[in-house]
Amino acid sequence: MNEIGKILKQARKKKRYSLEKIRKMTKIKESYIIGLENSDIDAFPAEIYYKNFLKSYSKCLGLNPDEILKMYEENKLINQDDLFKHHDNSDEKNISDMSSGGRLRLAITAVSAAAMFVFLFMYGNVLSNGINGNFSCGGQTAAGKQADEVKAVAQLQTSTSAVTATATQTAVAVSSSPSVQQAAAAPKTKKTLLVSAVKNTWVKITADNKKIYEETLYAGKQYKAVAYDNFEVKIGNVDGVELYYNDKRIDISAGASQNKVNTITLK
């Protein structure tokens with residue numbers, strides 16, 4: 001978009017026209033001329049004003065207004081494509097975060113299995129030694145054998161506790177990693193918007209706080225958009241369009257001004 005403003009400014013300076021002279025020649029306010037040269041569309045009440053002034057200013061400077069408008073439309077499409085690419089990259093990041101959660105579950109399962117294996121192995125040795133009398137020495141009494149068995153079981157419990165503690169520490173360490181904490185957050189779901197025109201109506205749409213559309217939507221035409229957090233839709237005539245949010249029709253007449261202009265926020 002900035003390229004258009006630079007072209008206008010360079011053409012004006014080449015002709016040595018002041019802003020005041022341009023204002024008198026085109027009847028365009030000086031603040032709007034500055035907005036045109038800065039490619040600041042937000043300086044205008046609506047996109048239709050920007051496009052009309054852009055056409056008049058181009059003619060005044062001896063430029064081809066159709067070529068300038070074509071350049072504007074092409075740049076606008078590129079900006080919209082960048083927005084959707086941003087959404088697609090967010091989807092890929094969510095998938096990557098989910099895979100981190102899978103690694104966490106795998107790590108916990110592996111450590112738990114190792115702890116269970118050690119427990120069963122050592123407990124088996126205790127039973128085997130108890131059955132074979134390996135806890136006693138020579139002429140050791142039954143009481144001595146029993147004491148040795150109790151000692152062996154205590155050692156087994158201590159070893160098992162150590163393995164369990166290690167497993168717990170490992171799980172906590174894995175769960176504390178940034179990638180796993182990101183995976184714990186629920187992935188955002190896409191929100192959809194459909195604007196269907198029954199009359200020629202000016203519409204401005206902001207998705208996730210970024211403007212993606214602003215122009216006249218002609219009767220019979222539709223515009224679809226996607227967002228993750230919110231939409232803001234400004235409508236020039238609430239009788240001219242139908243609005244659908246997540247496939248559900250929205251009442252856009254509530255809160256409209258006397259001239260039937262309304263701004264709808266959807267989250």
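Tabulated values for the structure
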{"quantity": "All positions within region 38-49 that are outside any loop (DSSP other than H, G, I, E, B) and either within 15 Å of Val203 (Cβ to Cβ) or modelled with pLDDT of 95 or more (or both)", "calculated": "Ile41, Glu47, Ile48, Tyr49"}
{"quantity": "Residue in region 199-212 that is over 26 Å from Glu74 (Cβ atoms), modelled with pLDDT of 65 or more and surrounded by 14 or more Cβ atoms within 10 Å (Cβ to Cβ) present", "calculated": "no"}
{"quantity": "Residue that is farthest from Lys191 (Cα to Cα), among those in region 210-267 that are β-branched (Val, Ile, Thr) and part of a loop (DSSP other than H, G, I, E, B)", "calculated": "Val261"}
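The values are calculated or read from the model by the stated rules, or taken from the named source; none is laboratory data. All values reported here derive from a predicted model rather than from experimental measurement. In this analysis, Cβ positions are derived from the backbone assuming ideal geometry, glycine residues included, and neighbour counts consider all displayed protein chains.
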